[in-house]
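Read the structure below first, then the notes.
The values are calculated or read from the model by the stated rules, or taken from the named source; none is laboratory data. Just so it is clear, the model here is predicted, and its values are computed rather than measured. Positions of Cβ are backbone-derived with ideal geometry, glycine not excepted, and every protein chain shown enters the neighbour counts. Calculation scope for accessible area: heavy atoms of the full protein, side chains included, ligands and nucleic acids excluded. Shrake-Rupley method; radii C 1.70, N 1.55, O 1.52, S 1.80 Å.
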Amino acid sequence: MLHRAEACDCNDLWLTKLSPRPVRLYRLARNHIASIANYCRKMRRSSSVLFFRLQLWGGGMSVFQSLIFDTTVLDGITDPAIRARVWAVCFEQIVTGMDMGFSEGDARIIGTHKFLMNETVALGEMFSSSFIGARTKKHINRDDEDHVYLSFNIGATTHIGRQLGREIDVQPGQAGLLVLDASTQAIAPNNGHCISLKLPNAIFREWGLSPVDLACRPLDCTGADYQLLTGYARLLIANGAGLDEGGAAEATQHLIKLTGRWLGARDGVQGVDGEEAVYRARLALVRQTISKQAFDPEVSLERVARRLGMPSRTVQHMLAKAGESFSQVVMAARLRRARVHLLDPVYADLSVADIAFRCGFLDVSSFYRAFRAAYNVTPKSLREQAGTIPPE
């Protein structure tokens, strides 16, 4: 049986429940989290937009930052709900928000999480007691669709992942993929050990891969590419903080290339230089900006161009060079979000029409036609297959 810690606010109201020594320890833990939060807020202000601007203007990715969260600072706090909440707050600042709990008979909520981050990737290695992590609608925000989360099980116990109506057992030596804009449940037994990697979704688009199709699906972890990837990731976590800016940029690109080769995107992992690199960076920024505004029924090329600080014709020409149009990028973003909502059990209370309107469609019939043309299945049939039909 699994218990979930009750959510609590990170403020001094907690401290009235604790004796003086745990109070000092909790304040120490909270200050540790605050220092991580300050760094992460700076990273979020930079965001992927800054990353693409750095590429555009000939700059590089920032030097890696190394962060460590170790629950030994919580040894004086015995309430597992508080321990779980402190861990959850730290994890939210770096990777994503979730509720954390523990397995019956193992309420220690202990572990160490080592992170290496820059403006493109977040790489971590975690040792932990048993835990359950749950992401629901309250944890999902509009920027979550920009990233994909990979977990590599390098321990000796099986992990369980649930998402989009699917469930996967990640055995030792295997990996799982999750999208961050859908609800998730992750369960790890006692003495878990894994590597995590958070990557921009735009990289998967460039590879021609759909993270939604890969989420909670078996991944091939038998080849040399996978062994090279996990080995390199561990080396980078251990030594990446010592790299200068150029070394960090090259290490990031190498990590991305190894990930792409492992996932089978062999035609999309070759590096480019010069004008082609500038064009790809600008195109990625254009696509991202369009996708973020696609759910507004009144989105227009002119509005997006103003946000980008580019003439509308420049945006059109950049998309045309890639064989795309503004309306196609808008439609793809709307359909992708609609598909996630249709598959995700947390949206089972919404009708197909509700989902269509939330995703920017003004007409349900046109949504049905576009969805069937894109995925060769109707929204209703997809829900029936996934078991997410709303209650009568």
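General observations
- Within the stretch 142-173, the set of residues being among the polar types (S, T, N, Q), buried (at least 20 other Cβ atoms within 10 Å of the Cβ) and within 14 Å of C221 (Cβ to Cβ) comprises S151, N153.
- Single unsatisfied condition, E245 versus (1) under 30 Å from L335 (Cβ atoms); (2) in contact with a Ser or Thr (Cβ under 9 Å, 6 or more places away or on another chain); (3) loosely packed, with under 15 Cβ neighbours inside 10 Å: (1)
- Residues being open to solvent by less than 70 Å² (accessible area, probe 1.4 Å) and either touching a residue at least 24 places away in the same chain (Cβ under 8 Å) or of a type in the set (A, V, I, L, M) (or both) - total across the stretch 351-370: 11
- Options A348, A353; residue that is over 30 Å from A277 (Cβ atoms) and touching a helix residue (DSSP H, G or I) at 6+ places or on another chain (Cβ under 6 Å): A353
- Within the stretch 109-127, the set of residues being within 17 Å of A188 (Cα to Cα) and polar (S, T, N, Q) comprises just one member, T112.
Yes/no per residue for (1) modelled with pLDDT under 90; (2) within 30 Å of F361 (Cα to Cα); (3) in contact with a strand residue (DSSP E or B) (Cβ under 9 Å, 6 or more places away or on another chain):
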residue: C221; (1), (2), (3): no, no, yes
residue: G231; (1), (2), (3): no, no, no
residue: E245; (1), (2), (3): yes, no, no
residue: W262; (1), (2), (3): no, no, yes
residue: V269; (1), (2), (3): yes, no, no
residue: E276; (1), (2), (3): yes, no, no
residue: V299; (1), (2), (3): no, yes, no
residue: L308; (1), (2), (3): no, yes, no
residue: P311; (1), (2), (3): no, yes, no
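- Taken residue by residue, the stretch 274-286 has no member that is assigned to a loop (DSSP other than H, G, I, E, B) and free of Cβ contacts under 8 Å to residues at least 40 places away in the same chain.
- Filtered by the rule that a residue be hydrophobic (A, V, I, L, M, F, W, C), within 23 Å of Q293 (Cβ to Cβ), over 25 Å from the mean Cα position of the chain (by Cα) and part of a loop (DSSP other than H, G, I, E, B), the stretch 342-392 gives F361, L362.
- Screening the candidates R303, R313, R261, R339 for the property of being open to solvent by 50 Å² or more (accessible area, probe 1.4 Å) and under 22 Å from the mean Cα position of the chain (by Cα) yields one hit, R261.
- Breaking point among (1) outside any loop (DSSP other than H, G, I, E, B); (2) more than 23 Å from D144 (Cβ to Cβ), for R336: (2)
- Flag if D106 is within 20 Å of the chain's Cα centre (by Cα), open to solvent by less than 50 Å² (accessible area, probe 1.4 Å), modelled with pLDDT under 90 and farther than 24 Å from Q227 by Cβ: no
- Of all residues in the stretch 287-303, those satisfying the criterion of being out of contact with any Ser or Thr (no Cβ under 6 Å at 6 or more places or on another chain) and in a helix (DSSP H, G or I) are R287, Q288, T289, I290, S291, K292, Q293, R303.
- Just one of (1) open to solvent by 20 Å² or more (accessible area, probe 1.4 Å); (2) touching a strand residue (DSSP E or B) at 6+ places or on another chain (Cβ under 9 Å); (3) at pLDDT 95 or above fails for I203. It is (3).
- Residue count for the stretch 142-162, restricted to those that are under 23 Å from Q288 (Cβ atoms) and either at pLDDT 85 or above or in a loop (DSSP other than H, G, I, E, B) (or both): 6
- Taking the stretch 82-93 as the range and being of a type outside the set (D, E, K, R) and either at pLDDT 75 or above or open to solvent by less than 20 Å² (accessible area, probe 1.4 Å) (or both) as the test, the residues that pass are I82, A84, V86, W87, A88, V89, C90, F91.
- Every residue from the stretch 316-330 that is without any contact (Cβ under 8 Å) to a residue 40 or more places away in the chain and either open to solvent by 50 Å² or more (accessible area, probe 1.4 Å) or on the phi > 0 side of the Ramachandran plot (or both): Q316, H317, A320, G323, E324, S327, Q328
- Of everything in the stretch 145-183 that is β-branched (V, I, T) and in contact with a Cys (Cβ under 9 Å, 6 or more places away or on another chain), the residue that is farthest from S128 (Cα to Cα) is I168.
- Hits in the stretch 125-141 (condition: open to solvent by 10 Å² or more (accessible area, probe 1.4 Å) and part of a loop (DSSP other than H, G, I, E, B)): T136, I140, N141
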